[in-house]
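Single-structure report; data block below.
The values are calculated or read from the model by the stated rules, or taken from the named source; none is laboratory data. Please read these numbers as outputs of a predicted model, since none were measured by experiment. Backbone-built Cβ (ideal geometry, glycine too); neighbour counts: all protein chains shown.
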Amino acid sequence: MTDPVKSPFEILADYERRSLAHSGSAAGARAAAAASLWRGVGFRIGERNLVSSLTEVNEILSIPDVTRVPGARSWMLGVASVRGNLIPLIDLKDLLSGEATSVSDSTRVLLVRQSGGSVGLLVDEVVGQRNFSADQRTGAPAQQADDGFARYVIEHYALGDAQWARFSMTTLVRASEFAQAAA
């Protein structure tokens with residue numbers, strides 16, 4: 001018994017059917033792999049590579065004009081108007097290490113939502129979105145175990161030669177010292 005001769009249209013339709021079946025399984029595998037990734041906004045404070053959840057960082061801004069607040073701690077830079085809303089601006093490096101951020105062209109503000117509104121956190125640089133898989137998790141580096149950042153770090157990741165600390169903005173904005181901006 002011989003196969004019936006197919007028309008060019010039938011041959012193309014068969015190619016399309018097999019191609020879609022193949023790409024569907026590949027797309028499913030890609031979607032499953034993507035679902036297992038943790039995604040965040042990467043930023044730098046000093047020599048530290050930090051990353052916070054995409055759900056915790058609402059916006060990335062250049063440094064707005066800031067009005068100082070008398071009697072505030074050094075890390076409370078003041079308030080800024082962002083699209084008509086007054087936002088407190090915090091120097092995250094100064095808050096956590098006591099060392100002020102050196103403002104440069106790469107310095108940015110991470111806008112983070114907290115109860116009662118948003119707050120701006122000054123960081124040295126935003127390096128973009130970072131994706132991590134479970135097998136990239138590492139232990140905490142020994143030199144960072146007792147510093148001001150450690151209590152806000154959930155876990156650590158290795159990505160190439162760089163170490164990344166997953167920084168919880170939620171834990172930060174709920175901390176009692178974060179609310180104590182008066183000197």
Legend entry - Test: residue in region 29-39 that is of a type in the set (A, V, I, L, M), under 24 Å from Phe132 (Cα atoms), part of a loop (DSSP other than H, G, I, E, B) and at pLDDT 90 or above: yes
Legend entry - Sole residue being surrounded by 13 or more Cβ atoms within 10 Å (Cβ to Cβ), on the phi < 0 side of the Ramachandran plot and among the small types (Gly, Ala, Ser), chosen from Gly120, Gly78: Gly120
Inset, instruction - Report yes if Ser106 is in a loop (DSSP other than H, G, I, E, B) and closer than 19 Å to Ala182 by Cβ, otherwise no. - result: no
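Among the listed residues Leu96, Leu110, Leu92, which satisfies the condition of being over 12 Å from Arg44 (Cα atoms) and buried (at least 19 other Cβ atoms within 10 Å of the Cβ)?
Matching residue, one of Leu96, Leu110, Leu92: Leu96.
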Inset, instruction - Collect the residues in region 46-72 that are part of a strand (DSSP E or B) and either out of contact with any helix residue (DSSP H, G or I) (no Cβ under 6 Å at 6 or more places or on another chain) or of a type in the set (A, V, I, L, M, F, W, C) (or both), keeping them in residue-number order. - result: Arg48, Asn49, Leu50, Val51, Ser53, Val57, Asn58, Glu59, Ile60, Leu61, Thr67, Ala72
Inset, instruction - May I ask you to say which residue of Ala100, Ala158, Ala80 is modelled with pLDDT of 95 or more and part of a strand (DSSP E or B)? - result: Ala80
Legend entry - Condition met for Leu95 (assigned to a strand (DSSP E or B) and not hydroxyl-bearing (Ser, Thr, Tyr)): no
